[in-house]
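Here the structure comes first, spelled out in structure tokens, and everything after it is commentary.
The values are calculated or read from the model by the stated rules, or taken from the named source; none is laboratory data. All values derive from a computational prediction rather than experimental measurement. Methodologically, a virtual Cβ is constructed for each residue, glycine included, from the backbone with ideal geometry; neighbour enumeration extends over all protein chains shown. With ligands, DNA and RNA removed, areas are computed over all heavy atoms of the protein, side chains included. Shrake-Rupley method; radii C 1.70, N 1.55, O 1.52, S 1.80 Å.
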Amino acid sequence: MSGNPDRDELLLQAGLSLSSALSLDAVLHRIVELAVELTGARYGALGIVGEGDRIVEFVTEGVSDEERRAIGPPPTGGGILGVLIADAEPLRLRSIQDDPRSVGFPPNHPPMRSFLGAPVKARGEVFGNIYLTEKRDADEFSTEDEDTLVVLAAQAGVAVANARLYEEAERRGRWLQASHEVLTTILGGAPSDTVLSLVAARARELASAATSMIALPRDEDAGHLAIVAADGTHADELLGTQISVEHSLSGEVIRKGEPIVLEDAAADDRADPGPLTIAEAGPAIFIPLRVRGTVFGTLALMNRAGGASFDAGDVGLVEVFAAQASVALELSRAQEELQRLSLMDDRERIAKELHDGVIQSLFAVGMGLQGTALLIGDETLSRRIEGAVEELDRVILDLRNYIFGLRPGILAGGRLDVALRQLAEEFEGKTGIVTVVDVDARAAAALAPHAEDAVQLAREALSNVGRHAGATTVRLALRQEEGVVVLLVDDDGHGFDVQAATGAGSGLVNMTQRATRMGGNLDISSVPGDGSTLRLVIPV
């Protein structure tokens, strides 16, 4: 011990005080307070050493918040502080400025001359260093001060190790609880949106992050991701935001399948500035969401610029949670798909019964009435029978549309003509392009077996117009001609080279393949500067 009874008593009390603290943050602040008190220093600090022997956290005593703001960013480990990091041995100086290894102080920094430092070792590794300056009642720190600091640093190392173990146990407890909650929610039949929101919330809590978000591919746009769940700061603003796959950190994670950890995400060249600006992002983790070896989305955790960095423990824990959450999300999707298929089976059965039973019976009745009308010599009665036959035709048309509404797919619950009108309305509202609709209900009923493909093709055609054509007006038409149904999408945009676009693999090849599956023929014509026309012809 030091030989000073009062100081020895204080050291004993310091050891007891540190051993009773379980929060790592509280332990770090208490270490600095005790070091200043035991040695009579005016200023004290504890620098936490991270990767590359850089100081990643700097806890201070004796410097006010206002002074810290005036000084600017905390040190990273240069000069005398770097000497202590490199040597990991106690260091005592009469004057910092006189040492040739000193690099000076930044503007607005308080004057400091005498210096005393010692490493804090936790479980055999250097956790950080205690720095003390400006001995209050002497020109320099004494050997007794140095001995005292070395003892305190050893006690601090034990306290840090205990606090780390406690925090690790706490983290694992939160991880188990979060995983259990996600799985319970899925087994309870919650929709995937609810599960995604829960995963985002629990991941943010595990890493003590300010913001979390989950980005998944958009079905209708392979070039973009959409933020489907967010939690924490600016969550409402982030939800629904689109992210470029090619120019974003999330896209990079999906391509490489590896997590990305950054000190300042907004400054990274790969970043999509949109969501990061909204979140005021600084330190960040981007974790891949993977099922059966395939990455299907990303989980991002962020703190505000200037906030705490994420350490290896945060990354490892969130990675494990993300892996479990990915499996859970896949299970949720599988449950929803089973429910959807079950509903489709019921709809298909009802549709089949209506088609094979009711419609065929009505059709037979109509044929019989038409035959009867031909045999009756009374013209008035014949006209009445023909009117009844026309009414039966309208009933059959309505039934076919109802049957189509029972069919599985994007048009469940609606008719093709209604779906096309709604698609056009949504397109006009989104793009501002005037959209003229000319849809024949009878043509829509005749195209019912191929309605899903027809709507998807029309959607893709309109999407191309919105993104590339520079048009002010577009027409969506569906009409019936001799033995065929024609779907037409034409615009007054600047046109394009069809052959070059097809060769580049734009969406035209996909549309052509879809038309072939429908048993139809797709023709796309365009003259640069004079608009373009898409014409799909399907025999019926």
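Some points to look at:
- Estimated FRET transfer efficiency (Ala441, Thr512; beta-carbon r; R0 30 Å; 0.05): 0.65
- Straight-line cross-link reach from Lys135 at under 16 Å between alpha-carbon atoms covers these aspartates and glutamates, not counting any fewer than eight positions away in the same chain: Glu33, Glu37, Glu61, Glu144, Asp145, Glu146, Asp147.
- Approximate spin-label separation Arg383-Leu24, in nm, with each point projected 7 Å along Cα-to-Cβ: 9.3 nm
- Rounded to the nearest 10 square angstrom, Val527 shows an accessible area of 80 square angstrom against a 1.4 Å probe.
- Among the GluC sites (Glu not before Pro) in the stretch 433-540, those placed in a DSSP loop whose Cβ has at most 14 other Cβ atoms within 10 Å are Glu482.
- Rg over Rh [alpha-carbon atoms, Kirkwood Rh] for the stretch 17-125: 0.94
- Modelled spin-label separation between Lys430 and Ser95, with each label point placed 7 Å from Cα along the Cα-to-Cβ direction: 7.2 nm.
- With all protein chains in place and ligands, DNA and RNA left out, the 1.4 Å accessible area ranks Ser309, Ser326 as Ser309, Ser326, largest first.
- FRET efficiency estimate (nearest 0.05) - Cβ-Cβ, Ala190 to Val527, R0 60 angstrom: 0.70
- Candidates per GluC sites (Glu not before Pro) in the stretch 119-211, loop by DSSP, up to 14 other Cβ within 10 Å: Glu140
- Straight-line cross-link partners of Lys430 among the aspartates and glutamates, defined as a Cα under 17 Å from its Cα and at least 8 positions apart when in the same chain: Glu220, Asp221, Glu460, Asp491.
- Positive minus negative residues near Arg202 (Lys, Arg vs Asp, Glu; Cβ under 9 Å): -1
- Of all aspartates and glutamates in the structure, those lying under 18 Å Cα to Cα from Lys256, and not within fewer than 8 positions of it along the same chain, are Glu246, Asp268, Asp269, Asp272, Glu319.
- Heavy-atom accessible surface of Phe127, to the nearest 10 Å², is about 10 Å², with a 1.4 Å probe and all protein chains retained.
- In this structure the amide hydrogen of Gly77, modeled in the peptide plane, comes within under 5 Å of the amide hydrogens of Ile55, none closer than 5 places in sequence on its chain.
- Across the stretch 149-156, computed HN-Hα scalar couplings (Karplus, 6.51 cos²θ - 1.76 cosθ + 1.60, θ = phi - 60°) run 5, 5, 5, 4, 5, 5, 4, 5 Hz from first to last residue, x flagging Gly and Pro.
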